[in-house]
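Quick notes on the structure that follows.
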Amino acid sequence: MRGFRFELQLASRFLLENRNQTILILLGIAVGVGVMVFLSALIDGLQADLIKKTVGNSPHIIITREVAEPLRNPAEPDGFFPIQIQRRGSRPVVEWIELTNTLKEEPQFTAVVPVLDGPALLRSGSASGSVALRGMKLEEADKIYQVSDKIIAGSPELAPGTLLVGSELAEQLDLQPGNTLTMEIPGKQPVSVLVGGIFDLGVQNLNKRWVIMERNRVAYLLGLQDRVTEIEIQVKDVFQAEELARTWANRLPGYQVESWQETNASLLTALRSQSNSSYTIQLFVLLAVTLGISSVLAINAVQKTREIGILKAIGIRTRSIERVFIIQGALLGTGGALAGTLLGLGLARLFILFGSEGYQLSLLLKPATLAIVMTLTILASVFAAFLPARRVARMNPIEVIRNG
Amino acid sequence: MAEIMLQGQGLIKEYGQPIPSRVLHGIDIDINTGEFLALVGRSGSGKSTLLNIIGALDRPTAGKVIIDGTDLYSLGEDELAYFRNQTLGFIFQFHFLLPQFTVFENVLIPYLIYHGRAGSPVVKQAEELLERVGLAHRRDNRANAISGGEQQRAAVARALINQPRLVLADEPTGNLDSKSGENVFALMREINRDLHTTFIMVTHDSLLANRTDRIVELRDGLVLCDQSPVIIE
Ligand SMILES: Nc1ncnc2c1ncn2[C@@H]1O[C@H](COP(=O)(O)OP(=O)(O)O)[C@@H](O)[C@H]1O
Ligand SMILES: [Mg+2]
């Protein structure tokens, strides 16, 4: 194996000798790799954006009490809960304090928020609207929904008898902070409540239906002392949610543990098929790169017939010559992959700098993607070198020696 | 005192399929250590073919080549390659240096093929060889940037770097003017004398052939005569 040093030297001399050819093929590989890197960054960025929008300010996992049959409010045939996650049951979680404490010990969970939901009707003068009454502690609600930051009028406080309403609902009922209105809960006496603030969570459905109130107050109004209906959780890595949900479902018999992936299956399918079409494009780019390297090395091999003949006559082994060409492929691939990565990064930067106004382009360069693109390119280059390497290495030195 | 280093036994070579034409018709030849042998004959008489067979480059259709007790063609391709590298030196008519390397690097290549890196003893030896062939001043020139005669002298140095037992030269002066040719021949003769290296040289030049130890003449693939030069002319 000591001869490897010489093989490496030979390969680099061969490449340096045909400098223009080498530069041209390097450029070709670089453009291909640049396209792959840029395309990956674009698709990954778009998808990360979409996922962030979908799950950024919503629970990743929801734990509810398992019920034999979904409890629906007969007054609301569609159910009450307008966010993406469907709630099947609303039977109260009895041992929630203990459960919440257990959940908070899971290092993957970044927010564990007990919530008490209930149906309600709001009346203001002649206008009325049915709402989802969400009983939460404000500082806990902030962990998932950042409600405090999204108050557009009034103040982010949940004093007793005060509630926060969504902007759409406020418009519909013509509400201002400081207004008083009547809240009706099925089977209870109507109560009078005060609008403390108006929030805009950025999702129309939530702005239209949500009413946030202090959890203990909701418990009191619903006649459910110290109960919650669900526990909402955010996790560190959103893609781990499904796995974590499964684990916790096993640990919590009698509970339903649902992840955002289960409720957003169609979104994920769409993303997956988008990724697949991007991979297909990249595969063809890689194929073009491979063919390019292969043909350049085939030409190179023919041009070097003389040298190879002499080297074989003076005792180099066939396998050594093969390696010389495979090394050339690897050198071209590595150089092209590095240059292409830089090109891709530069392209990404340009797009961010000069991207059209109003169309916010988000790019995400994952180190893993870079590593995969580079590894694939280098592997493809080595593979591309294989055929010309085999053919030229098997030549008979006699031909060269006889014919000059 | 004469010690046989090479034996060719019943060497037959045929070319061509499906109708083979026989180029060597059964050649027997023994060559002694330290001998400087000239292989002569008309063009097409089979000199190069014989030399390539002796040089472990071309398998004979029948017959054996034994060098220092090794039956060459019982070896596999890789072993043959290693044998050529270690035991034989080649000087071709078309000097064949590698243009991608300097003169000095070219001299070292047969060593580098199996060692990768040249330690100082080999570097020193390469420098001595360059000195000897009169190319010390061309050391770092590109191999294709020197004259034909110089290239052939560099090829002589390259053939000697692994201290071969046998050097094979196919018309080494064929492409050189007479002065350069004389130079290269004198150099080979000198090395033959000093290092006791065995030489087989194919040549068309009867004057040069006459200054060797032994002349073997081929005709139509057979040995026509095998004599010492004093007897001829
Ligand atoms: N590869 C080959 N295929 C067919 N015939 C060949 C081949 N190589 C050599 N010959 C023939 O073998 C004969 C001897 O060639 P060669 O050994 O080169 O002769 P010399 O070196 O004495 O001029 C010639 O007739 C030549 O045409
Ligand atoms: Mg010849």
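Please treat every number below as a calculation from the coordinates, not as lab data. Please read all numbers here as calculations on a predicted model, not as lab measurements. Backbone-built Cβ (ideal geometry, glycine too); neighbour counts: all protein chains shown.
What FRET efficiency, computed as 1/(1 + (r/R0)^6) with R0 = 56 Å and r the Cβ-Cβ distance, is obtained for A:Arg390 and A:Glu184, rounded to the nearest 0.05?
Numbers: r = 83 Å, r/R0 = 1.49.
Working from the Cβ atoms, E equals 0.10.
With +1 on each Lys and Arg Cβ and -1 on each Asp and Glu Cβ, and nothing else charged, work out how big the dipole of chain A is about its Cα centre, in Debye to the nearest 20. Spell out each step's value before the answer.
Values: 39 positive and 36 negative charges, 552 e Å.
Value, rounded to 20: 2660 debye.
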Next item on the list: Determine, from the Cβ-Cβ distance of A:Leu50 and A:Asn403 and an R0 of 56 Å, the FRET efficiency 1/(1 + (r/R0)^6), rounded to the nearest 0.05.
Entry: 0.30
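Can you give the Rg/Rh ratio of the protein assembly as shown, where Rg is from the C-alpha atoms and Rh is the Kirkwood radius?
On the way: Rg = 43.2 Å, Rh = 32.0 Å.
Result: Rg/Rh = 1.35.
Ranked highest first by average number of other Cβ atoms within 10 Å, how do B:22-29, A:332-339 line up? Write out the running numbers ahead of the final one.
Details: B:22-29: 18.0, A:332-339: 23.0.
Packing proxy ranking, top to bottom: A:332-339, B:22-29.
Calculate the all-directions average of the projected area of segment A:204-297's alpha-carbon convex hull, and give it in nm². Let's see the in-between values first.
Details: hull surface 44.6 nm².
Mean projected area for segment A:204-297: 11.2 nm², to one decimal.
Once fully extended, how much extra length lies between A:Leu379 and A:Thr334, figured as 0.36 nm per residue of separation less the alpha-carbon to alpha-carbon distance? Could the numbers behind the result be given before it?
Numbers: separation 45, 0.36 × 45 = 16.20 nm, distance 0.94 nm.
My answer for the length gained is 15.3 nm.
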Checklist line | Computed FRET value (nearest 0.05) for A:Thr110 with A:Gln225, which takes r as the C-beta separation and R₀ as 45 Å | finding: 0.95
Checklist line | Dipole of chain A, positive direction: furthest Cα of A:Thr22, A:Gly254, A:Ala219, with charges on the beta-carbon | finding: A:Thr22
Check: At what distance in nm do the modelled label points of B:Ser120 and A:Leu27 sit from each other, each positioned 7 Å from its Cα along Cα→Cβ?
Finding: 4.7
Notebook entry, point to check: Is there a simple number for the mean count of other chain Cβ atoms within 10 Å of the Cβ of residues in B:77-83, and what is it?
Noted result: 4
Margin query: Run the Debye formula on the Cα coordinates of segment A:103-216, all scatterers equal and no solvent, and tell me log10 I(q)/I(0) at q = 0.17, 0.19 1/Å.
Written below: -0.76, -0.93
Notebook entry, point to check: When all C-alpha to C-alpha distances in chain B are sorted into bins of 10 Å, what percent of pairs does each bin hold, rounded to whole numbers?
Noted result: 8, 32, 36, 20, 4, 0
Check: For chain B, with the dipole built from +1 on Lys and Arg beta-carbon atoms and -1 on Asp and Glu ones, taken about the Cα centre, which of B:Ile66, B:Ala2, B:Gly44 lies farthest toward the positive end?
Finding: B:Gly44
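Using the structure shown, select from A:Lys236/A:Lys366; A:Lys52/A:Lys236; A:Lys104/A:Lys366; A:Lys312/B:Lys124; A:Lys52/A:Lys208; A:Lys52/A:Lys366 the pairs with a Cα to Cα distance greater than 20 angstrom. List each step's numbers first, then the result.
Working: A:Lys236/A:Lys366 17 Å; A:Lys52/A:Lys236 12 Å; A:Lys104/A:Lys366 30 Å; A:Lys312/B:Lys124 25 Å; A:Lys52/A:Lys208 22 Å; A:Lys52/A:Lys366 16 Å.
Exceeds cut-off: A:Lys104/A:Lys366; A:Lys312/B:Lys124; A:Lys52/A:Lys208.
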Note to self: Which aspartates and glutamates, if any, have their Cα less than 14 Å from the Cα of A:Lys143, not counting same-chain residues under 8 positions apart?
What the structure shows: A:Glu232
Note to self: Modelling each spin label as a point 7 Å along the Cα-to-Cβ direction, I'd like the A:Arg349/B:Leu195 distance in nm, to one decimal.
What the structure shows: 5.7
Item checked: Difference of contour (0.36 nm per residue) and Cα-Cα distance, A:Leu194 to A:Gln146 -> 15.2 nm
Checklist line | Zone of A:Ser12's modelled label, taken as backbone nitrogen in segment B:87-120 under 15 Å from a point 7 Å along Cα→Cβ | finding: B:101-102, B:116-118
Notebook entry, point to check: For A:Ser295 and A:Thr247 in the same chain, what is the full-extension length gain: residue separation times 0.36 nm, less their Cα-Cα distance, in nm?
Noted result: 12.0 nm
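How many Cβ atoms of partner chains, on average, are near each residue of B:107-114 if near means within 10 Å of its Cβ?
On the way: counts 0, 1, 8, 4, 1, 8, 11, 7.
Average per residue, whole number: 5.
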Next item on the list: Step through the residues of segment A:223-228 one at a time and calculate ³J(HN,Hα) from phi using the Karplus curve (6.51 cos²θ - 1.76 cosθ + 1.60, θ = phi - 60°), rounding each to whole Hz and writing x for Gly and Pro.
Entry: x, 10, 6, 6, 10, 10
Notebook entry, point to check: Per residue, how much space in cubic angstrom lies within the convex hull of the C-alpha atoms of segment A:61-263?
Noted result: 116
Notebook entry, point to check: Between A:Asn216 and B:Ser147, what is the spin-label point distance in nm, taking each point 7 Å from the Cα along the Cα→C-beta axis?
Noted result: 10.9
Check: Going toward the positive end of the dipole of segment B:79-176, with +1 on Lys and Arg Cβ and -1 on Asp and Glu Cβ, which of B:His115, B:Gln163, B:Gln93 do you reach last?
Finding: B:His115
Item checked: Over chain B: helical MRE at 222 nm, DSSP H runs n ≥ 4 each giving -39500 (n - 2.57), nearest 500 -> -10500 deg cm²/dmol
Next item on the list: List the residues of segment A:307-322 whose backbone N lies under 19 Å from a point placed 7 Å from the Cα of B:Gln86 along the Cα-to-Cβ direction.
Entry: A:312-320
Note to self: Taking beta carbons within 10 Å but only from partner chains, what does the mean come to for residues A:295-307?
What the structure shows: 1
